[in-house]
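The values are calculated or read from the model by the stated rules, or taken from the named source; none is laboratory data. Everything numeric here is computed off the predicted structure, so don't read it as measured data. Reconstructed Cβ throughout: ideal geometry from the backbone, glycine too, with neighbour counts over all protein chains shown. Heads up: the accessible areas ignore ligands, DNA and RNA and are worked out on the full protein's heavy atoms, side chains in. Shrake-Rupley method; radii C 1.70, N 1.55, O 1.52, S 1.80 Å.
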Amino acid sequence: MLSLDQLQRVFPNCKAPAAWAEALAPAFQKYEIETPDRIASFLAQTGYESAEYNRLEENLKYTTAARLTKVWPKRFPDEASAMPYVNNPQGLANMVYANRMGNGDVASDDGYRYRGRGIIQLTGRSNYDAAADAIGVDLLNTPDLLAEPKWAALSAGWYWQSRGLNELADDRTHDDDLEDFARITRRINGGLAGLKQRFSLFKRVYAELVR
């Protein structure tokens, strides 16, 4: 398992390591994240997603239209289309997440209500609903609970196991750790954003766990 000292060493910028060490222990046990490969993969991915467990809510405040066109090029083909969403996180979330992941339309406010939260950035009404059933708490009516260590850890553990990520973390078939890690990243991120940083963090955590 993971000790407080180990967590502090691998996440030196974490502001509440004791709370996270306490929250992670039952999540690891419940969702079978108990080998060095699994723990290192989980911590690397969730640590990247949450800036070492410090950022528990998706940052949707963009200060320039140019940045929006780079992040969501299909949604915003030019800066003029992006301008209404500059410094407008609620409007942005409702637009880009509307009619996806179980969310309603733009007017439903589901996109903003069920924006990315927790250490794995759980997103979308359907994911909140499924996680709520799994961990036994009402996330549809109290989505902000995912910003608390206990529920953030449990929801991330549920997502991890339910997407088959334990098995990918174990995979040594072709002895290509980076490719295995890329597959995990795609199932969490939808793409390969930050792959090198995630893999570097994995190697650091793994070395700490097996030393």
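Quick look at the numbers
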{"item": "Condition check for Ala156: touching a helix residue (DSSP H, G or I) at 6+ places or on another chain (Cβ under 7 Å), within 20 Å of Glu52 (Cα to Cα) and at pLDDT 95 or above", "result": "yes"}
{"item": "Flag if Glu49 is surrounded by 22 or more Cβ atoms within 10 Å (Cβ to Cβ), in contact with a helix residue (DSSP H, G or I) (Cβ under 9 Å, 6 or more places away or on another chain), more than 14 Å from Gln161 (Cα to Cα) and among the acidic types (Asp, Glu)", "result": "yes"}
{"item": "Residue tally, condition more than 18 Å from Ala93 (Cα to Cα), assigned to a loop (DSSP other than H, G, I, E, B) and not polar (S, T, N, Q), over region 43-77", "result": "3"}
{"item": "Phe42 vs. criteria in contact with a Phe, Trp or Tyr (Cβ under 7 Å, 6 or more places away or on another chain) and either surrounded by 22 or more Cβ atoms within 10 Å (Cβ to Cβ) or in contact (Cβ under 8 Å) with a residue 60 or more places away in the chain (or both)", "result": "yes"}
{"item": "Which listed residue is under 28 Å from Lys196 (Cβ atoms), without any contact (Cβ under 8 Å) to a residue 40 or more places away in the chain, among the charged types (D, E, K, R) and open to solvent by 40 Å² or more (accessible area, probe 1.4 Å), from Arg9, Arg75", "result": "Arg75"}
{"item": "Criterion violated by Ala21 - all others in (1) open to solvent by 80 Å² or more (accessible area, probe 1.4 Å); (2) at negative phi satisfied", "result": "(1)"}
